[in-house]
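All remarks here apply to the structure that follows.
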Amino acid sequence: MSTNATYPLTPTAPLGRAGAARQAGSRAKAWARRAPLLPALVFMVIVTQLPFVATLVISFMQWNALAPQNRRFTGLTNYQTVISDPMLRSSVLTTIALTATVVVVSLVLGLGLALLLDRRFRGRGIVRTLLITPFLIVPVASALLWKHALYNASYGVINGVLSWLWSLFGSHHAPQPDWISHTPLMAVEISLVWQWTPFMMLILLAGLQSRQLDAVEAATVDGAGSWQIFRYLTLPHLRRYLELAALLGSVYVVQNFDAVFTITSGGLGTANLPYSIYQTFYQAHDYGQASAEGVVVVIGSIIVATFALRTVSSLLSQEASR
């Protein structure tokens with residue numbers, strides 16, 4: 001008996017055609033689902049990506065509106081200026097200091113408020129709404145509020161409170177410092193901390209409400225105190241949420257322009273990189289240099305946003321695995 005059996009090949013052809021038809025049908029369905037999103041995708045590319053490509057091209061050029069005849073390609077000269085110019089280096093350092101201070105202080109305050117709101121007490125909903133309010137105020141309006149209503153040396157609330165406290169002890173010579181002139185960078189930082197603390201609080205409060213209470217109850221039964229529960233259970237659970245809040249806060253604060261422009265107008269050592277871009281573009285009319293500075297800010301934001309997206313994906317995977 002021969003082992004080289006011959007099998008007909010004709011039935012496989014119709015199966016192959018059927019598989020190809022099914023594959024084509026699935027592709028058609030996939031395109032049908034994606035088709036409604038195409039206009040939004042095209043609009044987003046036109047609005048965001050094309051201007052960035054244009055900015056990237058201009059960043060390699062010498063282009064000053066005051067001397068349009070000298071427009072030419074200069075390579076990495078503008079980026080070398082960003083690194084070598086003392087004023088730009090100072091603005092980069094100011095941006096780092098401003099962002100780090102605001103994010104760290106907002107995180108600490110937001111964590112404290114989140115722990116407070118995680119407890120049940122009468123009027124918790126009203127307190128939560130009031131604490132969220134600063135984040136809902138328009139940034140320019142928030143900066144104007146701090147500049148005129150709080151920091152003003154003549155009629156500001158802070159100096160008014162100082163006068164009232166001194167009057168309680170029979171003194172009418174309370175200190176009336178000009179907060180913006182004496183502590184300009186701190187004045188900007190405090191206004192931003194006030195604005196971004198609610199954002200941190202919301203993220204951390206969501207993390208607190210997602211933890212498993214069985215472990216907390218078991219630790220309480222075993223005699224663990226509040227500090228031990230916070231240190232060994234709550235804080236490790238909140239690590240991802242703390243990272244997410246810090247990264248998202250950094251993405252937004254590093255691009256802050258409103259507070260610096262409104263409160264100090266970039267003076268007294270408070271000019272961060274976004275404000276320096278404004279000065280270079282609108283005051284010096286140096287489009288090439290301003291574009292290079294803008295690209296540096298975008299690259300830094302993309303790096304931070306990449307870590308933020310990884311943190312979000314890890315949080316989602318953890319929640320899905322529960």
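Let me confirm something: among Val304, Val253, Val260, Val295, which residue is among the β-branched types (Val, Ile, Thr) and modelled with pLDDT under 85?
Working: Val253 fails: modelled with pLDDT under 85; Val260 fails: modelled with pLDDT under 85; Val295 fails: modelled with pLDDT under 85.
Answer to the check: Val304.
Would you point out the residue of region 269-296, among those that are polar (S, T, N, Q) and assigned to a loop (DSSP other than H, G, I, E, B), that is nearest to Leu150 (Cα to Cα)?
Thr270
Taking Gly266, is it touching a helix residue (DSSP H, G or I) at 6+ places or on another chain (Cβ under 6 Å), outside any helix (DSSP H, G or I) and at pLDDT 85 or above? Explain how you work it out, then say what you get.
On the way: touching a helix residue (DSSP H, G or I) at 6+ places or on another chain (Cβ under 6 Å): yes; outside any helix (DSSP H, G or I): yes; at pLDDT 85 or above: yes.
Against the criterion (touching a helix residue (DSSP H, G or I) at 6+ places or on another chain (Cβ under 6 Å), outside any helix (DSSP H, G or I) and at pLDDT 85 or above), Gly266 qualifies.
Using the structure shown, decide if Thr129 is part of a helix (DSSP H, G or I) and open to solvent by less than 50 Å² (accessible area, probe 1.4 Å).
Numbers: part of a helix (DSSP H, G or I): yes; open to solvent by less than 50 Å² (accessible area, probe 1.4 Å): no.
Taking the combined requirement at face value, the residue does not satisfy it.
On the basis of being assigned to a helix (DSSP H, G or I), more than 28 Å from Asp178 (Cβ to Cβ), of a type outside the set (A, V, I, L, M, F, W, C) and open to solvent by 40 Å² or more (accessible area, probe 1.4 Å), does Thr81 make the cut?
Answer is yes for this residue.
For the subset of region 54-72 comprising residues that are open to solvent by 80 Å² or more (accessible area, probe 1.4 Å) and either more than 23 Å from Gln283 (Cβ to Cβ) or touching a strand residue (DSSP E or B) at 6+ places or on another chain (Cβ under 7 Å) (or both), which member is modelled with the lowest pLDDT?
Arg71
Just checking: which of the helices (runs of 4 or more DSSP H) contained wholly in region 135-250 hold 1 or more residues that are open to solvent by 60 Å² or more (accessible area, probe 1.4 Å) and closer than 17 Å to Asp118 by Cβ? Steps first, please.
Numbers: elements: 139-144, 157-168, 179-182, 184-209, 213-221, 226-229.
Per the criteria, 184-209, 213-221, 226-229.
For region 263-298, give me each residue that is without any contact (Cβ under 8 Å) to a residue 24 or more places away in the chain and of a type in the set (Phe, Trp, Tyr).
Tyr278, Phe281, Tyr282
In region 166-204, what residues are out of contact with any Phe, Trp or Tyr (no Cβ under 7 Å at 6 or more places or on another chain) and among the small types (Gly, Ala, Ser)?
Ser167, Gly170, Ser171, Ser181
The values are calculated or read from the model by the stated rules, or taken from the named source; none is laboratory data. Computed from a predicted structure; not experimentally measured. Reconstructed Cβ throughout: ideal geometry from the backbone, glycine too, with neighbour counts over all protein chains shown. Note: accessible area is taken over every heavy atom of the protein model, side chains too, but ligands, DNA and RNA are not part of it. Shrake-Rupley method; radii C 1.70, N 1.55, O 1.52, S 1.80 Å.
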